Amino acid sequence: MFSFRYSILVFTIFALLMAGCVPPQDPSANQPPSNVANVNTNTVPAANTQPVEQAAVNTALPVTMPLLDAMFQDEAFAAEAKSSVQLTDEELSKIRDAARNAVLQLDSEVADDERSTRASVEKTQKAIEAIIGPQRTAEFFNLIRTRWGGGGELTTGRPNSIPTDTRIVINAPAFRMDLFNNGQLVKTYKIGIGYPEFPLPVGLRKAEEIIFNPTWTPPDEPWVKGKVQPGKKVEAGSKLNPLGPIKIPIGLPSLIHGGKDPSRLGTFASHGCVGLTSPMIQEFAIDLASLSGTTLTGEDVKNYEKQKTETKEVELAQPVAVELRYETIVVQDGKVYIYRDVYEKGTNTEENLRKVLEVYGVTLESLTEQERTQLLDAIEQMAVDARGDAVADNANGNSNSNSASNRSEKVTRNIKGKKEVAVDVASLKGKGYPAPANMSADTKKR
């Protein structure tokens, strides 16, 4: 477990690095939805709804150069790495410099897809192994993953599992965030997710506070692009502040925050965070407060908005569990949705398809020939990364033509081609994960 001081400091560092790129818009307040009832969640529930084991790969909690660079902003981490992994000052300096130089070469403003999660992980591992060797690299990365995991243990369970408690479920490849109240899905949000080089983690986190009008201190990163001065605080309410009107910490290293343009919903949108538009984050803040038993009205949000330069932290009456999933095969009322493997985890395979179908008492062999053919074709279509390059061969960490050496130093901003394929399966009618409820997706142009 982190000490309180360490947790706050490191979270601040990650928040700076992983803030979104789009300046916030002028938000409009929303009244609280009538379908979200107030309920107290006395404890954060155990992580019992983790998705299926869809291929154990080293991108489960991927260690990339941007993550390393952020870690090294805190001297306490460097000291612990030195002690627990037996790193010398010279080795730490070399690792720090390698991470810093790699990040400074990144360019997040390109319109084309030129990088990937797996390429970043592969390149990072090779670079660190060249400095400290394979064994200590493994130990070093385990230390990072332990800290990055935020203290929530990963467990295995049924795929597409439906919570029986009160929690938020975020499924990155579906670009979807669901709010469950005592096991009932009450609200769904369409979201933007972290770039493949800054992927969302997987695991059980918790939301404990809502921060209105957050300030932002720009990191010394290329995506800042000279719009602001690195290290100089950007005040709350400034058009140059990419966090929008509200940010909600959900454990190292991620946030849920506003400030996103509607065009970034349903695609890559941030440096490791869940992105919403400014009106959506205000709506979500009211929903989250309601789930936690905290009083927060639309009028309250309007008042905070009026005081744009005054940061206000609202502690939730009870923490709300936030479950981060990576499920690319989802059954939903007679359809099987196959989502693009955007973080290259090797999850779209026939084996994983069979595991999902078995949960509902269905086998591939029991399906019609047409259904079976369509499903296997869909799996093949979606077993690709953001560029459309195959990742199925990487399920066990093997390299293919998409190796890091073939990638330029650019952040992947867009997805080429289809993001999902849906196949009708008669025997799955009425079964599966619930369809979106009261969908919130800001499509207004501002």
Non-local residues with an amide H under 5 Å from the amide H of E209, with H modelled 1.01 Å from N and Pro and chain starts lacking one, are L316
Return P(r) of segment 332-372 (all Cα-Cα pairs; 5 Å bins starting at 0; whole %; ordered from short to long distances). 5, 18, 30, 27, 12, 7, 0
Over every pair of different alpha-carbon atoms in segment 300-390, take the mean of 1/r and invert it; report that Kirkwood radius in Å. 16.5
Show me the ranking of peptides 431-441, 75-85 by mean Cβ neighbours inside 10 Å, starting with the highest. 431-441, 75-85
For G432, distant residues with modelled amide H under 5 Å away: D333
In nanometres, what is the gap between the two model label sites at K419 and S93, each 7 Å from Cα along Cα-to-Cβ? 4.6
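With the convex hull built on the Cα atoms of segment 155-213, state its orientation-averaged projected area in nm².
Mean shadow area of the hull around the Cα atoms is 5.5 nm².
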With 26 Å as the limit, write out which pairs from K190/K429; K82/K312; K260/K302; K239/K306 have Cα-Cα distances beyond it, or answer none. K82/K312
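Read the figures in this text as sums done on the coordinates, not as results from a lab. Owing to the predicted nature of the structure, the values given are computational and were not obtained by experimental measurement. For neighbour counting, all protein chains shown are included, and Cβ atoms are generated from backbone atoms with ideal geometry for every residue, glycine included.
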